[in-house]
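S.K.: Below is the structure I would like to discuss, written out as structure tokens.
The values are calculated or read from the model by the stated rules, or taken from the named source; none is laboratory data. All figures in this text were calculated on a predicted structure; none of them were measured in a lab. Using ideal geometry, Cβ is built from the backbone for each residue, glycine included, and neighbour counts are taken over all protein chains shown.
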Amino acid sequence: MKSFSGENELHWTAACYVLGELSAEEMTRFEARLLEDHAAREAVVESVILLQAAVRPKPTVVSVRRKRITTFLAAVVAICVLVGVGVFLVPNSTESADAGRAQKNVVRAAANDEWILDLPELLEVQAGVEDADAADSLVPVVVEETDADIPSWLILATSKEGTS
């Protein structure tokens, strides 16, 4: 071990102690000194801090670039979230736009219902019948009497009066 004098010797010995470079005899003497000397304990703390700083990796260009990219992406995501929340919370329309839309919907509904008025003529054309009385007979009504037994509960359930 190199010999130093005074304060430098204490720091050197503390650094060697932390690194495990002292012999068994030197380690025993330094540990005895640590029990009594506060300056020796502080020298060990300073040595640990100094050695941790020496071992810690320096920021490289890649890590700095990654940090910038990460920060940029976080900002972009935050802006997107804010815009999305803003779009979600803004009302979709105003009262005047709703009134105009309602009027257009009424006009569309009326236009969609006009085919019902032309239905008798369409049926006549499809059936090839020109007589209006014959057109009424296009919808067949089949009522047949059957000998089947209809349960009373079914008659009761479908009757207008409810109970007879």
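S.K.: Output the residue which, of all residues in the stretch 77-91 that are of a type in the set (A, V, I, L, M, F, W, C) and surrounded by 10 or more Cβ atoms within 10 Å (Cβ to Cβ), is nearest to the chain's Cα centre (by Cα).
M.R.: To start, the set of residues in the stretch 77-91 that are of a type in the set (A, V, I, L, M, F, W, C) comprises 77-83, 85, 87-90.
Those left that are additionally surrounded by 10 or more Cβ atoms within 10 Å (Cβ to Cβ): 77-83, 85.
Numbers: 77: 12, 78: 13, 79: 15, 80: 12, 81: 10, 82: 13, 83: 15, 85: 12 Å.
The residue in question is 81.
S.K.: Identify, please: which residue in the stretch 42-72 is in contact (Cβ under 8 Å) with a residue 12 or more places away in the chain and small (Gly, Ala, Ser) and is, among those, farthest from residue 8 (Cα to Cα)?
M.R.: The qualifying residue farthest from residue 8 (Cα to Cα) is 47.
S.K.: Go through (1) under 30 Å from residue 18 (Cβ atoms); (2) at pLDDT below 70; (3) over 35 Å from the mean Cα position of the chain (by Cα) for residue 59 and report which single condition fails.
M.R.: The single condition residue 59 does not satisfy is (3).
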